[in-house]
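To keep things clear, I will list the structure first and then write my remarks on it.
The values are calculated or read from the model by the stated rules, or taken from the named source; none is laboratory data. In this text, all values refer to a predicted model and were calculated from it rather than measured experimentally. Positions of Cβ are generated from backbone atoms using ideal geometry, with glycine treated the same way; all protein chains shown enter the neighbour counts. Surface accessibility is based on the protein's heavy atoms, side chains included, excluding ligands, DNA and RNA. Shrake-Rupley method; radii C 1.70, N 1.55, O 1.52, S 1.80 Å.
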Amino acid sequence: MNQTIDKSISVMPDAMKEMQQLLQETGDLDNASKMGQLLEKMSSGRMNIAFCGHFSAGKSTLINQLCGHPLLPSSPIPTSANIVSIRNGEPGAHVTHKSKYAVERQKSIGLEELEAYCVNGTDIETVEISYPIAFLGDHTAMLDTPGIDSTDDAHHQSTESALHLADVVFYVMDYNHVQSEVNLAFTKKMKEWGKPLYLVVNMIDKHKEWELPFPQYQEGTRQAFLSWGIEPDGLLFVTMKEPNHSHNEFAKLRWLLSELIQRGDVLRSFSIDASARYLAAEHGKWLAEQNEQQKDDLIEQISQEGDVQGVQEQAEAKAKELAEVRGLPESLTAALRKEVGIIIENANITPALTRDQAHAYLESRKPGFKVGFFSRAAQTAAETEKRLQAFQLDLAEQVEAHLDWHLRDALKKSAQQQGQYDVELTAQIEALKIDVTTEWLASQVNAGAVFGGEYTLNYMKQVSAELKQQYRKQAFAIIDALVASIRERASQEADALAAELETLNVRLGASKELQRLIDAEAAAEAQLLRMASWERPAAPALPAAQQYTAMEEAAAAPLSGELHVSSMGAILEAAAIASAASGTAAAPAEAALAPNAFTSGEHGSAWSARPLI
């Protein structure tokens, strides 16, 4: 394995155990069990190659040809109703029964009983066959699945399980039914899963060259799948009936399998990641199924409510209006204080001429100031008072023009906009004014200051700031009075709006509950995906078809036509021949002994060696 795979594999188990625990806690036991199967698959290190297709597409026969032994029964009825896995090893078979309990019931069987177990999809979870198949090596299994066109739910569940555990999928089709909608739809679903997908067109011996050149048939097949947005990782054409058919790619299929098996670690890491994420999506679907009846009832209720969209729009408008009314006192206070603050800060109540009047007055406050050479004290005091009054009149005019009028206007407009025409409040606004008296202006002078141009500027800043602060305080008091007057009215309006909104929400209750269920389903899937915190493996590099070179016909030739049987007798005979060839004399029944066939099966623990009856 490369470093990326090692890193993913090391992080996956703990995260997947957390995902499994969450699935169990929510009651999704089926997907929790599948997550457990992924964990077992990870620990076993096994690669799974799944074969899917219509029950009549020759899938089981094709697998038998690849194995070189008639391990699977071939008949015109759907044979595999559960997952049937085949791997390299001593001859034997092992079945796992479905159970509601944590410990599955397991059993070793004789090969002559195998056919009955292969078609029992109701009680049997898996069937594992072991037989000497060298090209599979020690860590690869082939999975045979039920026909996708079966009407039996058990068949569909088994096929789904096979895809869940598969690292590569081969989809087998009958030559005459390649472009059936079932094939196209099913392969599209598998391709969207993200796992490598190969299409195998079987029974090409049915082709009539005089009707259509075979290359045109091949191209038409490719285009049919491309038109559905399906681009398989490979497309092969085979026949088991005519091994020497000029277009038979059975040898290429064998080569492809060998190449894929060599990439087993990379494919396994990639498929486990894909399956774990797929289970997260399946959990969302499971939740949707659990909620299905409730959602149907809600949809029925919604349909009886009439124009739900119109009610929803009304509710949204009322909710917005209610929020505005409830927030009106605070929003109005903030808006008015901001407006008043801007008026006060921008008011220029000390222009140049006013500063000149202030400067003349401050000059008369200098120690030693006299009017004329022989002036008396009374004349000097009179001059100072005269200059002070001139300054006071000028400043009062500036305050009246830039503060009084603008502040009163802003507050009166706001009161009118809010429908407030209270006489007392109006009088309070009209009375907004700060008297600028000569006594106050004189009191602002610092007698110990050094009189001059700089002090005049500082004095005017001080006077302006103090006046503006008094105006701010008085204006804010009026704002508070205005807001208090509308607070009670706003409260009454809010109560009325809340009652209307409650009525609308009752009508929308079913719609909201339906949306809550849908959101919960999506959230559950998202939560599982967040748990899949490992680094996603990169898509594996698959074998390049151009690297294939034709094999010897003998190596590529399928088994004889005698392979197409529905009995297991031939299997026992083959087992006896295999044992004899290895130097061990054994009766057919004894040849089915499998003392070491399953030591750590992917779907169960080890089982004791005993005769296969």
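The packing ranking, built from the mean of other Cβ atoms within 10 Å per residue, places the peptides 341-351, 260-270 in the order 260-270, 341-351, highest first. Cross-link partners of residue 413 among lysines, defined as those whose alpha carbon lies under 29 angstrom from its own and excluding same-chain residues fewer than eight positions apart: 318, 320, 338, 433, 468, 473.
Loop-resident chymotrypsin sites (Phe, Trp or Tyr not before Pro) (DSSP state other than H, G, I, E or B) in segment 342-402 with no more than 16 further Cβ atoms inside 10 Å of their Cβ: 369, 373, 374.
When peptides 132-142, 329-339 are ranked by their average number of other Cβ atoms within 10 Å per residue, the highest-first order is 132-142, 329-339. Its Kirkwood hydrodynamic radius, worked out from the mean inverse distance over all distinct Cα pairs, puts segment 213-275 at 14.1 Å. In terms of the mean number of neighbouring beta-carbon atoms within 10 Å, the peptides 449-458, 478-487, 319-328, 43-52 order highest first as 43-52, 478-487, 319-328, 449-458. When only Cα pairs below 8 angstrom with a gap of at least 6 residues are kept, segment 316-401 shows a relative contact order of 31 percent.
Projected onto their three principal axes, the Cα atoms of segment 393-486 cover extents of 54, 22, 20 Å, largest first. For residue 285, the lysines whose Cα falls under 16 Å of its own Cα, not counting residues fewer than eight places away in the same chain, are 34, 189, 295.
Here segment 379-538 is treated as a Stokes sphere of Kirkwood radius computed over C-alpha pairs; at 25 °C and 0.890 mPa s its diffusion coefficient rounds to 110 µm²/s. May I ask for log10 I(q)/I(0) of segment 231-364 at q = 0.18 Å⁻¹, from a Debye sum over the Cα atoms as equal point scatterers with solvent left out? Evaluating at q = 0.18 Å⁻¹ gives log10 I(q)/I(0) of -1.14. Ignoring lysines fewer than eight residues from residue 370 along the same chain, the ones with Cα atoms less than 25 angstrom from its Cα are 386. Shape of segment 165-268 from its Cα gyration tensor (a ≥ b ≥ c, root eigenvalues): rounded if a/c is under 1.5, otherwise prolate when a/b > b/c, or oblate? Verdict is oblate for segment 165-268.
Within the accessible surface of segment 465-533, defined with a 1.4 Å probe on protein heavy atoms only, the carbon and sulfur portion equals 54 percent.
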